[in-house]
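Input: a single structure, listed below in structure tokens.
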Amino acid sequence: MAETMIINRFGAISAVHGGRTALLGETHEVTYTELAGAAGGHAAVFAAAGLRAGDRIALLTAHGAPTVAALLGALAAGCAYVPLDPGFPVARLRHMVDAAGVTAVACAAEHRDLASTLAGDRPVVSLDEVPPAPLRPVAADPDAPAYVLFTSGSTGVPKAVGQTHRNLAHVVDNQIAALGVGPDDRLSLLASFSFDAAIPDLYPALLTGAAVVPVDLRRQGLAHAVEQLDRHRATVLHCTPTVYRFLLDTLGARRLATV
């Protein structure tokens with residue numbers, strides 16, 4: 001069912017809103033046309049590496065556009081993605097790769113050594129200089145996993161949790177309806193892609209023609225997050241209550257508009 005597949009819906013939106021901005025980065029903007037081409041290019045790389053529908057691809061990529069393009073590419077290849085945060089301890093990442101049943105580890109150049117360490121006997125797929133390619137519709141089982149994420153591990157060993165395409169679409173549609181997300185919105189994305197908090201920021205934007213403002217909060221800090229959200233005039237802020245309190249402290253006398 002094409003309407004259940006997030007990647008197919010993104011393809012339809014990118015065809016309508018191709019010239020609009022999808023990602024608002026620190027140095028440049030990525031349009032829907034550019035992001036769709038990047039997703040198609042990554043899907044082609046995964047297919048050329050021998051990955052097939054149903055395989056699970058671990059992603060070692062930088063926060064922001066590189067990760068967004070890679071995870072969309074994994075979905076476009078009919079695979080499930082497993083985002084790995086390069087800042088996590090190696091032992092934790094190795095556990096995630098094993099527990100998620102990863103087929104291959106895909107990485108950018110700066111994470112090649114770490115990818116090789118984690119991959120074991122699995123292939124390592126290079127994501128350096130991926131050329132754009134057409135984003136083609138995907139026919140997949142709506143009840144197959146779209147991604148595998150992990151619990152925090154605060155009560156023990158992190159546990160793998162898979163989410164199906166059908167459930168992902170349900171969550172995203174609920175978020176779009178609850179917040180009234182539309183093409184003129186700009187959504188913050190402060191959470192690591194390794195946590196499910198990134199889901200209600202990324203896909204509601206990409207399925208409505210809105211834009212995402214990704215900030216690597218742990219690496220860049222709260223002051224940078226405030227600067228980026230203000231610079232790009234974010235209209236929707238999504239974060240934990242703790243992060244919100246620290247954001248207010250960082251703002252000082254300035255006011256953060258909320259909806």
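All of the numbers you see were taken from the coordinates with simple rules; none came from a lab. Everything numeric here is computed off the predicted structure, so don't read it as measured data. Glycine also receives a Cβ, built like all others from the backbone with ideal geometry; neighbour counts cover every protein chain displayed.
Each 10 Å bin from zero holds the following percent of Cα-Cα pairs in region 171-217: 31, 56, 13. In plain terms, the chain from A62 to R92 could stretch by 9.0 nm, reckoned as 0.36 nm per residue minus the Cα-Cα distance.
Going from the residue with the fewest nearby Cβ atoms within 10 Å to the one with the most, R219, R166 rank R219, R166.
Can you sort Y81, Y244 by how many other beta carbons sit within 10 Å, fewest first? If you can, show how the numbers build up before the last one.
Working: Y81 27, Y244 14.
Starting with the residue having the fewest Cβ neighbours, the order is Y244, Y81.
Label sites at T242 and A139, each approximated as a point 7 angstrom past Cα along Cα to Cβ, lie 4.7 nm apart.
Binning the C-alpha pair distances of region 1-70 at 5 Å intervals from 0 yields a P(r) profile of 3, 15, 21, 25, 20, 11, 4, 0 %, listed from the shortest bin outward. Stokes-Einstein diffusion of region 1-143 at 4 °C, 1.567 mPa s viscosity, Kirkwood radius from Cα pairs, rounded to a whole number: 85 µm²/s. For the pair V171 and T250, label points projected 7 Å from Cα toward Cβ lie 2.4 nm apart. Highest mobility in the GNM of the chain, judged by mean-square fluctuation with C-alpha springs under 10 Å and restricted to R20, R112, R218, is found for R218. Hey, with R₀ at 30 Å, roughly what FRET efficiency would T117 and R231 work out to, going by the Cβ-Cβ distance, to 0.05? Result of the calculation: an efficiency of 0.20. The smallest convex shape that holds all Cα atoms of the chain, its convex hull, gives 122 Å³ per residue. Paramagnetic label reach from E26 (point 7 Å along Cα→Cβ; backbone nitrogen cut-off under 11 Å): within region 199-243, residues 215-217, 219-221, 224-225.
For the chain, relative contact order (Cα pairs under 8 Å, six or more residues apart, normalised by length) works out to 21 percent. Taking other C-beta atoms within 10 Å as the exposure proxy, I7, I199, I57 rank I199, I7, I57 from fewest upward.
Among DSSP beta bridges lying fully in the chain, give the percent that are antiparallel, nearest 5. In the chain, approximately 30 percent of DSSP beta bridges are antiparallel ones.
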